[in-house]
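The structure appears right after this line, and notes come after that.
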Amino acid sequence: MRFKDKIVIITGGARGIGAETALKFAENGAKVAIFDLNIQGAKETAAQIQRGDGTCSTFSVDVTNREEVQNAVEKVFREYEKIDILINNAGTLKDNLSGQLTEDEWDFVLDVNLKGSFICSQAVQKYMVQQGYGKIVMTSSQAAVGAPGRVNYAAAKAGIQGMMKTLAIELGPYGINVNAVAPGFIETEMSKVSEEYAKRRGIENFTEYKKAMIQRNPIRRVGQPEDVANVILFLASEDADYVTGQVIYVSGAPVV
Ligand code: NAI
């Protein structure tokens, strides 16, 4: 119960890494609020948490919409009178080679991943500053070091690292730690979208793509949502009180 009565906001908790993270926080005593576009999925995660006697509320929020984010954050604060932890997990892809990438594809991916994480971090900041305590965990990606066909996503996920370090410096004096996880290939609905991307590189289907990823990985497996959730929980816990401004790659491989 290392998060007993901690109030945690998780964006993108309707499925994948976000859902697994929400479940783990709840199992450890936290009260969870999920912000997601996919309200049906968010409610399914909440129902799973409630079946285990946990507490979870859901909010239909587009993280790129400042008003929706602020309203939901205020509701969480009114309900619990504090916000301890923010997990910026919502993310999306729109792959294309840089020569063909449209402005809309660029804006969409930068808005959801980078601006969305900023809007949410800004919205919780005043509450965390007032209470002199907070933990913010961002979700970057191994793609931050460069990934063909993902110029928009790589820019967003590298941008998240710069933003995270800046927030860590600005907010440290107020008792707020800001860190990031950078997952490698994690088996979720999002990674299935990569099939298209794999096809362009001559790999036939998702199974073949996965095999190729496993062969390249020193640990010889792809990642699961739980692998990332465990590290997010560590960074949000008191065990990481003296850790801030750091990126932990959760990729089963050194990242250069
Ligand atoms: P996913 O696609 O399974 O889940 C993403 C969640 O974010 C969904 O519930 C979706 O509805 C929500 N979401 C998307 N746009 C949103 C918006 N504008 N407002 C609110 N919610 C929104 O993805 P997955 O795999 O669980 O990824 C979670 C995070 O991890 C993302 O930030 C992703 O970029 C990152 N990541 C994932 C990797 C992977 O291999 N799966 C690798 C590296 C990073």
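The values are calculated or read from the model by the stated rules, or taken from the named source; none is laboratory data. What you see is a predicted model, and the numbers here were worked out from it, not measured in a lab. Quick reminder, even Gly has a Cβ in these numbers, built from the backbone with ideal geometry, and neighbours come from all protein chains shown.
Considering only the stretch 142-161, I want to know if a residue exists there that is within 24 Å of N113 (Cα to Cα), assigned to a loop (DSSP other than H, G, I, E, B) and modelled with pLDDT of 95 or more. The answer is yes; a qualifying residue exists. Could you say whether any residue in the stretch 49-61 is buried (at least 17 other Cβ atoms within 10 Å of the Cβ), touching a strand residue (DSSP E or B) at 6+ places or on another chain (Cβ under 6 Å) and in a helix (DSSP H, G or I)? Within the stretch 49-61 (the criterion being buried (at least 17 other Cβ atoms within 10 Å of the Cβ), touching a strand residue (DSSP E or B) at 6+ places or on another chain (Cβ under 6 Å) and in a helix (DSSP H, G or I)), the answer is yes, since at least one residue qualifies. Exactly one residue among D84, D62 is within 11 Å of the ligand (Cβ to nearest atom) and either under 20 Å from A46 (Cβ atoms) or of a type in the set (G, A, S) (or both), and that residue is D62. The residue that is nearest to the ligand (Cβ to nearest atom), counting only those in the stretch 189-221 that are among the acidic types (D, E) and within 25 Å of the chain's Cα centre (by Cα), is E189. Take the residues of the stretch 190-244 that are of a type in the set (G, A, S) and farther than 30 Å from A168 by Cα: which is surrounded by the fewest Cβ atoms within 10 Å (Cβ to Cβ)? Among residues in the stretch 190-244 that are of a type in the set (G, A, S) and farther than 30 Å from A168 by Cα, the one surrounded by the fewest Cβ atoms within 10 Å (Cβ to Cβ) is G202.
Would you check if V178 is among the β-branched types (V, I, T), under 24 Å from R2 (Cα atoms) and in a helix (DSSP H, G or I)? Judged against the criteria, V178 is not a match.
Within the stretch 22-29, the presence of a residue that is touching a residue at least 24 places away in the same chain (Cβ under 8 Å), more than 16 Å from the ligand (Cβ to nearest atom), in a strand (DSSP E or B) and within 19 Å of L235 (Cα to Cα) is excluded. Within the stretch 124-154, restricting attention to residues that are under 16 Å from the mean Cα position of the chain (by Cα) and away from the ligand (no atom under 13 Å from the Cβ), the residue that is nearest to A198 (Cα to Cα) is I136. Residue check: is G13 closer than 20 Å to R2 by Cβ, in a loop (DSSP other than H, G, I, E, B) and within 14 Å of the ligand (Cβ to nearest atom)? The answer is yes for G13.
In the stretch 59-87, the residues that are touching a residue at least 24 places away in the same chain (Cβ under 8 Å) and within 12 Å of I10 (Cα to Cα) form Cβ pairs under 9 Å with partners that are basic (K, R) and not in a loop (DSSP other than H, G, I, E, B), at six or more places apart or across chains, as follows: F59/K75; V63/K115; D84/K135; I85/K135; L86/K135; I87/K135.
Against the definition (hydroxyl-bearing (S, T, Y), without any contact (Cβ under 8 Å) to a residue 40 or more places away in the chain and more than 18 Å from N179 (Cβ to Cβ)), how does S98 come out, yes or no?
Details: hydroxyl-bearing (S, T, Y): yes; without any contact (Cβ under 8 Å) to a residue 40 or more places away in the chain: no; more than 18 Å from N179 (Cβ to Cβ): yes.
The answer is no for S98.
Checking the condition over 14 Å from the mean Cα position of the chain (by Cα) and surrounded by 16 or more Cβ atoms within 10 Å (Cβ to Cβ), which residue from N65, N113, N71, N96 passes? None of the others qualify; the one that does is N96.
Screening V61, V137, V112, V129 for residues that are farther than 18 Å from I17 by Cα and either touching a helix residue (DSSP H, G or I) at 6+ places or on another chain (Cβ under 8 Å) or at pLDDT 95 or above (or both) leaves exactly one candidate, V129.
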